[in-house]
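First comes the structure, then the notes that go with it.
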Amino acid sequence: MTTISNTKPHVLVVGGAGYIGSHMCKYLAGHDYMPVVLDNLVYGHRQAVRWGPFYNGSMENKELLAHIFNRHEITAVMHFAAYCYVGESVTEPSKYYRNNVSNTAILLDAMVENNVENFIFSSSCATYGEPNEIPITENHSQYPVNPYGRTKLMVEQMLNDFQNAYGLKYICLRYFNAAGADPQCEIGEDHRPETHLIPLVLQAAMGKRAAISVFGNDYPTPDGTCIRDYIHVYDLAQAHLLALEKLLNDHLSDCYNLGNGEGHSVKEVIHQARKITGKSIPVRISDRRKGDPAVLIGSSRKAMEALGWRPEFADLKIIIETAWKWHTNHPEGYR
Ligand code: UDP
(Lines give C-alpha, C1' and ligand atoms only; values in the text may rest on other atoms or scores of the structure.)
Protein backbone atom coordinates (compact mmCIF):
# COMPACT_ATOMS: atom_id res chain seq x y z
CA MET A 1 0.00 0.00 0.00
CA THR A 2 1.27 3.47 -0.81
CA THR A 3 1.36 6.01 1.95
CA ILE A 4 0.30 9.44 0.79
CA SER A 5 3.26 11.66 1.64
CA ASN A 6 2.23 14.85 3.28
CA THR A 7 2.94 18.26 1.95
CA LYS A 8 0.47 19.51 4.56
CA PRO A 9 -0.33 17.91 7.92
CA HIS A 10 -3.26 15.50 7.54
CA VAL A 11 -6.03 15.62 10.13
CA LEU A 12 -8.56 12.80 10.29
CA VAL A 13 -11.97 14.43 10.75
CA VAL A 14 -14.39 11.77 11.95
CA GLY A 15 -17.88 13.04 11.20
CA GLY A 16 -16.50 15.49 8.65
CA ALA A 17 -19.69 15.35 6.54
CA GLY A 18 -21.79 16.69 9.40
CA TYR A 19 -22.61 20.25 10.40
CA ILE A 20 -19.66 21.18 12.62
CA GLY A 21 -17.27 18.65 11.05
CA SER A 22 -17.73 20.04 7.53
CA HIS A 23 -17.08 23.61 8.70
CA MET A 24 -13.96 22.30 10.42
CA CYS A 25 -12.75 20.75 7.16
CA LYS A 26 -13.19 24.00 5.29
CA TYR A 27 -11.35 25.86 8.03
CA LEU A 28 -8.49 23.33 8.09
CA ALA A 29 -8.11 23.47 4.31
CA GLY A 30 -7.97 27.26 4.52
CA HIS A 31 -5.13 27.05 7.05
CA ASP A 32 -2.74 24.67 5.28
CA TYR A 33 -4.00 21.39 6.69
CA MET A 34 -5.47 18.48 4.75
CA PRO A 35 -8.74 17.21 6.19
CA VAL A 36 -9.26 13.47 5.66
CA VAL A 37 -12.93 12.69 6.27
CA LEU A 38 -14.35 9.50 7.74
CA ASP A 39 -18.16 9.58 7.86
CA ASN A 40 -20.84 6.90 7.55
CA LEU A 41 -23.34 9.44 6.13
CA VAL A 42 -26.03 8.39 8.63
CA TYR A 43 -26.50 12.06 9.45
CA GLY A 44 -23.77 13.63 7.32
CA HIS A 45 -24.02 14.79 3.71
CA ARG A 46 -21.67 13.71 0.93
CA GLN A 47 -22.09 17.16 -0.67
CA ALA A 48 -20.55 18.74 2.42
CA VAL A 49 -17.22 16.92 1.88
CA ARG A 50 -15.22 19.12 -0.48
CA TRP A 51 -11.79 19.74 0.90
CA GLY A 52 -9.98 16.42 1.01
CA PRO A 53 -10.20 12.65 0.72
CA PHE A 54 -13.40 10.96 1.84
CA TYR A 55 -13.82 7.51 3.40
CA ASN A 56 -17.39 6.27 3.67
CA GLY A 57 -17.58 4.20 6.86
CA SER A 58 -17.93 4.12 10.62
CA MET A 59 -15.39 4.63 13.36
CA GLU A 60 -16.23 1.11 14.60
CA ASN A 61 -14.68 -0.31 11.42
CA LYS A 62 -11.20 -1.24 12.67
CA GLU A 63 -9.99 -2.41 9.26
CA LEU A 64 -10.98 0.84 7.63
CA LEU A 65 -9.30 2.84 10.41
CA ALA A 66 -6.10 0.78 10.01
CA HIS A 67 -6.26 1.39 6.25
CA ILE A 68 -6.62 5.16 6.73
CA PHE A 69 -3.80 5.31 9.29
CA ASN A 70 -1.56 3.31 6.95
CA ARG A 71 -2.43 5.34 3.90
CA HIS A 72 -2.12 8.81 5.44
CA GLU A 73 0.35 10.13 7.93
CA ILE A 74 -2.28 11.42 10.36
CA THR A 75 -1.08 14.17 12.69
CA ALA A 76 -4.25 14.27 14.76
CA VAL A 77 -7.83 13.04 14.93
CA MET A 78 -10.83 15.33 15.44
CA HIS A 79 -14.02 13.58 16.48
CA PHE A 80 -17.41 15.05 15.50
CA ALA A 81 -19.25 11.77 14.95
CA ALA A 82 -21.41 11.53 18.07
CA TYR A 83 -25.19 11.36 18.02
CA CYS A 84 -26.52 14.59 19.48
CA TYR A 85 -30.29 14.46 20.04
CA VAL A 86 -30.85 14.85 23.78
CA GLY A 87 -34.48 13.67 23.63
CA GLU A 88 -33.60 10.59 21.60
CA SER A 89 -30.78 9.77 24.01
CA VAL A 90 -33.44 9.43 26.74
CA THR A 91 -35.69 7.11 24.72
CA GLU A 92 -32.89 5.19 22.94
CA PRO A 93 -29.91 5.28 25.30
CA SER A 94 -28.45 2.08 23.86
CA LYS A 95 -27.90 3.81 20.50
CA TYR A 96 -26.05 6.64 22.28
CA TYR A 97 -23.85 4.51 24.51
CA ARG A 98 -22.95 2.27 21.57
CA ASN A 99 -22.06 5.01 19.11
CA ASN A 100 -20.83 7.79 21.36
CA VAL A 101 -18.93 5.66 23.88
CA SER A 102 -18.18 2.14 22.53
CA ASN A 103 -17.39 3.27 19.00
CA THR A 104 -15.22 6.09 20.32
CA ALA A 105 -13.27 3.48 22.33
CA ILE A 106 -12.66 1.59 19.07
CA LEU A 107 -11.42 4.78 17.42
CA LEU A 108 -9.07 5.50 20.35
CA ASP A 109 -7.79 1.90 20.30
CA ALA A 110 -7.00 2.26 16.61
CA MET A 111 -5.13 5.49 17.33
CA VAL A 112 -3.05 3.80 20.04
CA GLU A 113 -2.32 0.80 17.80
CA ASN A 114 -1.23 3.08 14.96
CA ASN A 115 0.76 5.50 17.12
CA VAL A 116 -1.46 8.50 16.46
CA GLU A 117 -1.19 10.56 19.62
CA ASN A 118 -3.28 13.69 19.29
CA PHE A 119 -7.04 13.84 19.70
CA ILE A 120 -9.48 16.75 19.69
CA PHE A 121 -12.85 15.87 21.14
CA SER A 122 -16.20 17.63 20.60
CA SER A 123 -17.52 17.61 24.13
CA SER A 124 -20.47 19.57 25.41
CA CYS A 125 -21.80 21.88 28.10
CA ALA A 126 -24.29 19.02 28.61
CA THR A 127 -21.57 17.37 30.72
CA TYR A 128 -22.20 19.97 33.45
CA GLY A 129 -25.91 19.29 33.92
CA GLU A 130 -27.98 21.80 35.90
CA PRO A 131 -25.64 24.75 36.58
CA ASN A 132 -24.87 25.87 40.14
CA GLU A 133 -23.44 29.15 38.91
CA ILE A 134 -23.42 31.26 35.75
CA PRO A 135 -21.24 31.67 33.78
CA ILE A 136 -20.13 28.05 33.87
CA THR A 137 -16.37 27.57 34.08
CA GLU A 138 -14.39 24.41 33.33
CA ASN A 139 -14.16 23.69 37.07
CA HIS A 140 -17.92 23.45 37.46
CA SER A 141 -19.10 20.04 38.74
CA GLN A 142 -20.07 17.58 36.01
CA TYR A 143 -23.38 15.83 36.72
CA PRO A 144 -25.07 15.43 33.33
CA VAL A 145 -28.86 15.12 33.44
CA ASN A 146 -29.41 13.03 30.30
CA PRO A 147 -27.75 10.07 28.53
CA TYR A 148 -26.31 12.32 25.80
CA GLY A 149 -24.39 14.36 28.38
CA ARG A 150 -23.31 11.20 30.17
CA THR A 151 -21.86 9.74 26.96
CA LYS A 152 -19.81 12.91 26.47
CA LEU A 153 -18.55 12.83 30.06
CA MET A 154 -17.68 9.13 29.77
CA VAL A 155 -15.49 9.87 26.77
CA GLU A 156 -13.78 12.70 28.68
CA GLN A 157 -13.05 10.23 31.48
CA MET A 158 -11.92 7.55 29.04
CA LEU A 159 -9.52 10.04 27.45
CA ASN A 160 -7.91 10.74 30.80
CA ASP A 161 -7.43 7.01 31.38
CA PHE A 162 -6.03 6.52 27.87
CA GLN A 163 -3.60 9.32 28.51
CA ASN A 164 -2.39 7.75 31.75
CA ALA A 165 -2.09 4.27 30.30
CA TYR A 166 -1.09 4.83 26.67
CA GLY A 167 0.17 8.40 26.43
CA LEU A 168 -2.67 9.64 24.22
CA LYS A 169 -2.89 13.46 24.28
CA TYR A 170 -6.23 15.20 23.97
CA ILE A 171 -8.16 18.42 24.20
CA CYS A 172 -11.87 18.37 25.05
CA LEU A 173 -13.88 21.32 23.77
CA ARG A 174 -17.16 21.79 25.59
CA TYR A 175 -19.45 23.63 23.21
CA PHE A 176 -22.41 25.70 24.20
CA ASN A 177 -25.03 26.19 21.41
CA ALA A 178 -23.41 25.84 17.98
CA ALA A 179 -25.24 27.87 15.33
CA GLY A 180 -24.77 29.86 12.11
CA ALA A 181 -23.25 28.82 8.81
CA ASP A 182 -20.23 29.32 6.57
CA PRO A 183 -20.15 33.08 5.79
CA GLN A 184 -19.45 32.15 2.14
CA CYS A 185 -22.54 29.99 2.19
CA GLU A 186 -20.91 26.88 0.69
CA ILE A 187 -22.00 24.67 3.59
CA GLY A 188 -24.52 25.00 6.39
CA GLU A 189 -26.76 23.25 8.88
CA ASP A 190 -29.00 20.47 7.59
CA HIS A 191 -30.07 18.12 10.37
CA ARG A 192 -32.75 15.52 9.74
CA PRO A 193 -34.74 15.69 11.89
CA GLU A 194 -34.05 19.31 12.83
CA THR A 195 -34.48 20.03 16.55
CA HIS A 196 -32.37 23.16 17.10
CA LEU A 197 -33.93 26.53 17.73
CA ILE A 198 -32.29 28.78 15.11
CA PRO A 199 -32.83 26.54 12.04
CA LEU A 200 -36.41 25.84 13.16
CA VAL A 201 -37.11 29.56 13.58
CA LEU A 202 -35.74 30.16 10.08
CA GLN A 203 -37.80 27.32 8.64
CA ALA A 204 -40.86 29.03 10.14
CA ALA A 205 -39.74 32.30 8.53
CA MET A 206 -39.54 30.50 5.17
CA GLY A 207 -43.05 29.13 5.61
CA LYS A 208 -41.71 25.58 5.82
CA ARG A 209 -43.42 25.18 9.17
CA ALA A 210 -46.54 26.89 10.44
CA ALA A 211 -44.98 28.29 13.62
CA ILE A 212 -42.09 27.98 16.03
CA SER A 213 -42.97 26.26 19.30
CA VAL A 214 -41.51 28.00 22.33
CA PHE A 215 -40.83 25.32 24.92
CA GLY A 216 -42.01 27.06 28.08
CA ASN A 217 -42.48 30.74 28.95
CA ASP A 218 -42.56 30.37 32.73
CA TYR A 219 -38.83 29.95 33.43
CA PRO A 220 -37.18 32.21 36.03
CA THR A 221 -35.68 34.46 33.34
CA PRO A 222 -36.60 38.06 32.45
CA ASP A 223 -39.01 37.06 29.64
CA GLY A 224 -39.80 33.56 30.93
CA THR A 225 -38.03 31.69 28.11
CA CYS A 226 -34.77 29.74 28.29
CA ILE A 227 -31.47 31.52 27.84
CA ARG A 228 -28.62 29.97 25.85
CA ASP A 229 -25.12 30.95 24.76
CA TYR A 230 -25.02 30.75 20.93
CA ILE A 231 -21.65 30.30 19.30
CA HIS A 232 -20.87 30.51 15.59
CA VAL A 233 -19.75 27.29 13.96
CA TYR A 234 -16.77 29.05 12.33
CA ASP A 235 -15.63 30.34 15.73
CA LEU A 236 -15.79 26.74 16.95
CA ALA A 237 -13.60 25.73 14.01
CA GLN A 238 -11.09 28.47 14.86
CA ALA A 239 -10.90 27.17 18.45
CA HIS A 240 -10.33 23.59 17.27
CA LEU A 241 -7.37 24.59 15.16
CA LEU A 242 -5.87 26.66 18.00
CA ALA A 243 -6.41 23.69 20.33
CA LEU A 244 -4.71 21.36 17.88
CA GLU A 245 -1.70 23.67 17.52
CA LYS A 246 -1.43 24.01 21.29
CA LEU A 247 -1.55 20.24 21.68
CA LEU A 248 1.13 19.77 19.01
CA ASN A 249 3.36 22.36 20.71
CA ASP A 250 2.82 21.66 24.41
CA HIS A 251 1.73 17.98 24.45
CA LEU A 252 -0.60 18.78 27.35
CA SER A 253 -4.15 17.47 27.59
CA ASP A 254 -6.85 19.89 28.74
CA CYS A 255 -10.51 20.91 28.54
CA TYR A 256 -11.97 24.24 27.40
CA ASN A 257 -15.42 25.78 27.21
CA LEU A 258 -16.46 27.37 23.92
CA GLY A 259 -19.23 29.93 24.22
CA ASN A 260 -19.61 33.69 23.91
CA GLY A 261 -20.31 34.33 27.58
CA GLU A 262 -23.54 36.04 26.61
CA GLY A 263 -27.04 34.64 26.84
CA HIS A 264 -30.06 35.12 24.56
CA SER A 265 -33.57 34.01 25.38
CA VAL A 266 -35.73 32.04 22.95
CA LYS A 267 -37.91 35.14 22.51
CA GLU A 268 -34.85 37.28 21.75
CA VAL A 269 -33.72 34.82 19.08
CA ILE A 270 -37.16 34.95 17.46
CA HIS A 271 -37.22 38.76 17.67
CA GLN A 272 -33.79 39.02 16.05
CA ALA A 273 -34.79 36.52 13.35
CA ARG A 274 -37.90 38.60 12.54
CA LYS A 275 -35.70 41.68 12.08
CA ILE A 276 -33.22 39.87 9.84
CA THR A 277 -35.69 37.97 7.68
CA GLY A 278 -38.43 40.60 7.55
CA LYS A 279 -40.94 37.77 8.15
CA SER A 280 -43.56 37.60 10.87
CA ILE A 281 -42.62 34.12 12.29
CA PRO A 282 -45.71 32.85 14.13
CA VAL A 283 -45.10 31.56 17.67
CA ARG A 284 -46.88 28.85 19.62
CA ILE A 285 -46.23 28.52 23.35
CA SER A 286 -45.75 24.85 24.23
CA ASP A 287 -44.91 22.89 27.36
CA ARG A 288 -41.39 22.92 28.71
CA ARG A 289 -39.05 20.40 27.12
CA LYS A 290 -37.84 17.88 29.68
CA GLY A 291 -34.30 18.41 30.92
CA ASP A 292 -33.92 22.03 29.72
CA PRO A 293 -32.05 24.17 32.28
CA ALA A 294 -33.36 27.77 32.44
CA VAL A 295 -29.99 29.38 31.71
CA LEU A 296 -26.77 28.01 30.16
CA ILE A 297 -23.97 30.51 29.64
CA GLY A 298 -20.32 29.57 29.49
CA SER A 299 -17.17 31.36 30.48
CA SER A 300 -14.58 30.93 27.73
CA ARG A 301 -11.89 32.97 29.43
CA LYS A 302 -9.62 29.97 29.61
CA ALA A 303 -9.83 29.34 25.82
CA MET A 304 -9.20 33.02 25.16
CA GLU A 305 -6.20 33.23 27.47
CA ALA A 306 -4.58 29.86 26.84
CA LEU A 307 -5.43 29.35 23.16
CA GLY A 308 -5.64 32.97 22.05
CA TRP A 309 -9.17 32.29 20.79
CA ARG A 310 -10.93 35.41 19.45
CA PRO A 311 -14.47 34.73 18.21
CA GLU A 312 -15.15 36.70 15.03
CA PHE A 313 -18.89 36.06 14.72
CA ALA A 314 -20.04 36.43 18.32
CA ASP A 315 -22.92 38.77 17.56
CA LEU A 316 -26.27 36.91 17.50
CA LYS A 317 -27.22 39.04 14.50
CA ILE A 318 -24.30 37.68 12.46
CA ILE A 319 -24.99 34.14 13.63
CA ILE A 320 -28.60 34.35 12.42
CA GLU A 321 -27.69 36.27 9.23
CA THR A 322 -25.21 33.59 8.10
CA ALA A 323 -27.73 30.84 8.89
CA TRP A 324 -30.47 32.73 7.01
CA LYS A 325 -28.25 33.15 3.97
CA TRP A 326 -27.62 29.39 3.89
CA HIS A 327 -31.29 28.53 4.37
CA THR A 328 -32.52 30.91 1.68
CA ASN A 329 -29.84 29.74 -0.78
CA HIS A 330 -30.50 26.05 0.01
CA PRO A 331 -34.22 25.84 0.79
CA GLU A 332 -34.08 22.03 0.56
CA GLY A 333 -30.76 21.77 2.41
CA TYR A 334 -28.23 19.53 0.65
CA ARG A 335 -30.88 17.71 -1.33
N1 UDP B 1 -36.34 25.56 21.80
C2 UDP B 1 -37.65 25.98 21.61
N3 UDP B 1 -38.34 25.51 20.52
C4 UDP B 1 -37.79 24.65 19.62
C5 UDP B 1 -36.44 24.23 19.81
C6 UDP B 1 -35.75 24.72 20.91
O7 UDP B 1 -38.19 26.74 22.40
O8 UDP B 1 -38.47 24.24 18.68
C9 UDP B 1 -35.59 26.07 22.96
C10 UDP B 1 -35.04 24.98 23.85
O11 UDP B 1 -35.99 24.65 24.85
C12 UDP B 1 -33.80 25.65 24.43
C13 UDP B 1 -33.35 26.58 23.32
O14 UDP B 1 -34.47 26.75 22.45
O15 UDP B 1 -34.13 26.43 25.54
C16 UDP B 1 -32.20 26.01 22.50
O17 UDP B 1 -32.55 24.70 22.11
P18 UDP B 1 -31.69 23.85 21.09
O19 UDP B 1 -32.42 22.56 20.87
O20 UDP B 1 -31.40 24.68 19.89
O21 UDP B 1 -30.30 23.61 21.82
P22 UDP B 1 -29.98 22.98 23.28
O23 UDP B 1 -29.93 24.12 24.22
O24 UDP B 1 -31.04 21.98 23.60
O25 UDP B 1 -28.65 22.36 23.06
Reachable aspartates and glutamates from Lys62, criterion Cα separation under 12 angstrom, eight or more residues apart if same chain: Asp109, Glu113
message: Please give the Cα centre distance for the stretch 265-320 versus the stretch 7-77, rounded to the nearest Å.
response: 29
- prompt: How many nm separate the modelled label positions at Lys208 and Thr328, each set 7 Å beyond the Cα in the direction of the Cβ?
  reply: 1.5
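Per residue of the chain, what 222 nm ellipticity follows from adding -39500 (n - 2.57) for every DSSP H run with n ≥ 4, rounded to the nearest 500? Walk me through the intermediate numbers first.
Details: 10 runs with 114 residues, N = 335.
Theoretical 222 nm ellipticity from helices: -10500 deg cm²/dmol.
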- line: Karplus ³J(HN,Hα) for the stretch 137-151 (6.51 cos²θ - 1.76 cosθ + 1.60, θ = phi - 60°; Hz, whole; x = Gly/Pro) runs 9, 5, 7, 4, 4, 10, 10, x, 10, 8, x, 4, x, 5, 5
query: Counting only protein heavy atoms, what percent of the accessible surface of the chain is carbon or sulfur at a 1.4 Å probe?
result: 48
statement: The simple spin-label model distance between His196 and Asp218, using points 7 Å out along Cα→Cβ, in nm, is 3.0
task: Mark the label point 7 Å from the Cα of Cys185 along Cα→Cβ and return the residues of the stretch 195-213 whose backbone N is within less than 20 Å of it.
output: 198-208
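Efficiency by 1/(1 + (r/R0)^6): what FRET value for Asp32 and Lys62, r their Cβ-Cβ distance, R0 = 41 Å, to the nearest 0.05?
Working: r = 30 Å, r/R0 = 0.74.
About 0.85, to the nearest 0.05.
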query: Does anything in the stretch 128-171 have its amide N under 19 Å from the 7 Å Cα→Cβ label point of Val90, and if so which residues?
result: 128-131, 143-153
task: Using the 2.2 N^0.38 Å rule of thumb for compact globular proteins, work out how the chain stacks up: its C-alpha Rg over that value, please.
output: 0.96
- prompt: Assuming R0 = 45 Å, what is the FRET efficiency of Asp287 and Gln47, from their Cβ-Cβ distance, to the nearest 0.05?
  reply: 0.80
query: Hey, what angle do you get for helix 62-71 against the long axis of the chain, alpha-carbon based, 0 to 90 degrees rounded to 10?
result: 70
- request: Can you give me the P(r) profile for the stretch 117-253? Cα pairs, bins 5 angstrom wide beginning at 0, each as a whole percent.
  value: 2, 8, 13, 17, 19, 16, 12, 7, 4, 2, 0
Which listed pairs, of Lys246/Lys317; Lys152/Lys317; Lys208/Lys275, have C-alpha distances above 27 Å, in listed order: Lys246/Lys317; Lys152/Lys317
- request: Give me the accessible area per residue for the chain, probe 1.4 Å, as a whole number in Å².
  value: 43
- prompt: So how tilted is helix 104-113 from the main axis of the chain? Cα-based, degrees 0 to 90, rounded to 10.
  reply: 20
task: Note the angle between two axes, namely the Cα long axis of helix 266-277 and the longest principal axis of the Cα atoms of the chain, as a number of degrees from 0 to 90, rounded to the nearest 10.
output: 90
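Pairs to check: Lys169/Lys302; Lys267/Lys290; Lys26/Lys279. Give those whose C-alpha atoms are more than 27 Å from each other in this structure. Mind dumping the intermediate values first?
Details: Lys169/Lys302 19 Å; Lys267/Lys290 19 Å; Lys26/Lys279 31 Å.
Too far apart for the 27 Å limit: Lys26/Lys279.
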- request: At 7 Å along the Cα-to-beta-carbon direction for both Asp109 and Lys275, put a label point, then send me their distance in nm to one decimal.
  value: 5.3
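Pairs of Cα atoms under 8 Å, at least six residues apart: use those to get the relative contact order of the stretch 125-203, whole percent.
On the way: 50 pairs, mean separation 16.3, N = 79.
Reported as a whole number, the value is 21 percent.
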statement: Once normalised by the length of the chain, the mean sequence separation of its alpha carbon contacts under 8 Å that are 6 or more apart gives a contact order in percent of 18
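The values are calculated or read from the model by the stated rules, or taken from the named source; none is laboratory data. Nothing here was measured: the structure is a model prediction, and the numbers come from that model. Glycine gets a Cβ as well: all are built from the backbone with ideal geometry, and neighbour counts include every protein chain shown. Note: accessible area is taken over every heavy atom of the protein model, side chains too, but ligands, DNA and RNA are not part of it. Shrake-Rupley method; radii C 1.70, N 1.55, O 1.52, S 1.80 Å.
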